[in-house]
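A short write-up of the structure that comes next.
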Amino acid sequence: MSKDEFAISIDDVRDAHQRIAPHVLRTPSLFSERLSSELGCELFFKAENLQHIGAFKARGAINAVLQLNDADAARGVVTHSSGNHAAALARAAKIRGIKAHIVMPRNSSPTKIASVQSFGIEPIYSEPDSASREAKALEVQSQTGATMVHPYDNANVMAGQGTVALEIIDQVRDAGVVLVPVGGGGLLSGMLVAIKSLRPNIKVIAVEPALADDAARSLQSGERQMPTRYDTIADGLRTSLGELTFPVIRHFLDDILLVGEDDIRAATRELSERVHLVAEPSGAVAFAGLRSNRDRFQGQRVVAVISGGNIDFNGCRLGQS
């Protein structure tokens with residue numbers, strides 16, 4: 001596998017792992033004895049909710065920012081994001097001492113808006129659809145000369161996210177299945193390159209909200225499909241697959257599962273109550289896929305990626321009380 005075939009190679013992921021090590025946490029892969037017994041599998045949670053800024057996005061953002069040359073860095077960076085990449089890029093820019101311009105949808109979680117503001121940056125707001133936020137970010141880029149750091153369709157971001165897989169391979173011996181949430185595909189594509197290069201026998205299964213099923217439709221049709229609605233509770237997964245991420249996913253992914261809103265809420269609540277891990281709905285989607293398809297994972301060693309933990313408790317009802 002080489003960069004001639006896809007946007008990144010395993011060497012890019014390995015290089016990113018070394019580059020970002022001083023700036024990210026090596027998050028644990030936690031074994032759940034209780035849920036393993038109940039679900040009939042050996043279940044581990046890769047706890048990226050414990051990462052800096054509360055999400056895996058810290059990895060890709062800092063990898064991209066650290067690779068800017070001095071001239072580009074001096075002009076700053078710009079992105080559009082519903083939240084976690086926004087905070088991650090704000091943090092990365094602060095670490096390097098450069099400006100960051102952050103475009104966020106008007107309906108972004110207050111928790112995620114506050115996270116960006118904590119780095120001294122006031123977000124620039126757009127309408128919630130992908131076209132509007134991309135257009136606003138391009139407008140800001142033209143005005144400032146800043147470098148666009150796309151939340152997922154960026155090779156350096158993809159490579160940074162792929163470092164999650166390197167840690168899983170090291171932490172969970174003989175893993176059989178890795179469940180990964182999918183929105184734009186930066187995390188999924190980066191992890192696929194790493195896993196299929198180093199442990200091709202491990203099955204990688206994506207999990208996606210049924211109300212944001214563009215990845216499933218894209219894989220079925222063979223062409224990238226756009227979202228048809230933007231109201232899933234898993235707000236971080238409302239985006240379409242990228243031009244760089246889709247070819248990797250189409251080539252390497254073993255399967256994709258769709259989960260309903262009630263399943264996502266239940267998984268989010270169960271992670272908090274029974275595993276004592278706080279996950280945002282987007283971060284609980286992989287576990288939701290396991291819970292609602294438990295029969296197919298019987299007897300296997302499974303890793304579910306908890307991609308983020310920035311939950312808005314005031315605006316999120318997690319099932320019946």
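The set of residues in the stretch 1-60 being over 16 Å from Met158 (Cα atoms), within 16 Å of the chain's Cα centre (by Cα) and of a type in the set (Phe, Trp, Tyr) consists of Phe45 alone. Here the stretch 291-313 is the region considered, the condition is being in a strand (DSSP E or B) and either over 18 Å from the mean Cα position of the chain (by Cα) or charged (D, E, K, R) (or both), and the residue that is farthest from Glu280 (Cα to Cα) is Arg301.
Annotation note: of Gln143, Gln171, the sole residue that is crowded, with 16+ Cβ neighbours inside 10 Å and of a type in the set (S, T, N, Q) is Gln171. Residues that are under 25 Å from Gln225 (Cα atoms) and charged (D, E, K, R) within the stretch 97-138 comprise Arg106, Glu127, Asp129, Arg133, Glu134, Lys136, listed in sequence order.
Of the set (1) surrounded by 15 or more Cβ atoms within 10 Å (Cβ to Cβ); (2) more than 17 Å from Met191 (Cα to Cα), all apply to Asp70 but (1). A count restricted to the stretch 89-140 and to residues that are open to solvent by 60 Å² or more (accessible area, probe 1.4 Å) and among the hydroxyl-bearing types (Ser, Thr, Tyr) stands at 2. Total residues in the stretch 237-263 satisfying the condition of being at pLDDT below 95 and open to solvent by 30 Å² or more (accessible area, probe 1.4 Å): the figure is 1. Selection of the stretch 203-228 for residues being of a type in the set (Gly, Ala, Ser) and either modelled with pLDDT under 95 or open to solvent by 50 Å² or more (accessible area, probe 1.4 Å) (or both) yields only Ser221.
Every test in (1) assigned to a loop (DSSP other than H, G, I, E, B); (2) more than 30 Å from Glu270 (Cα to Cα) is passed by Asp11 save one, and that test is (1).
The values are calculated or read from the model by the stated rules, or taken from the named source; none is laboratory data. Note that the structure is a prediction, hence the values are computed from the model and not measured. Cβ atoms come from the backbone with ideal geometry, glycine included; neighbour counts cover every protein chain shown. Side chains are part of the model used for accessible areas, which takes the heavy atoms of the whole protein and leaves out ligands, DNA and RNA. Shrake-Rupley method; radii C 1.70, N 1.55, O 1.52, S 1.80 Å.
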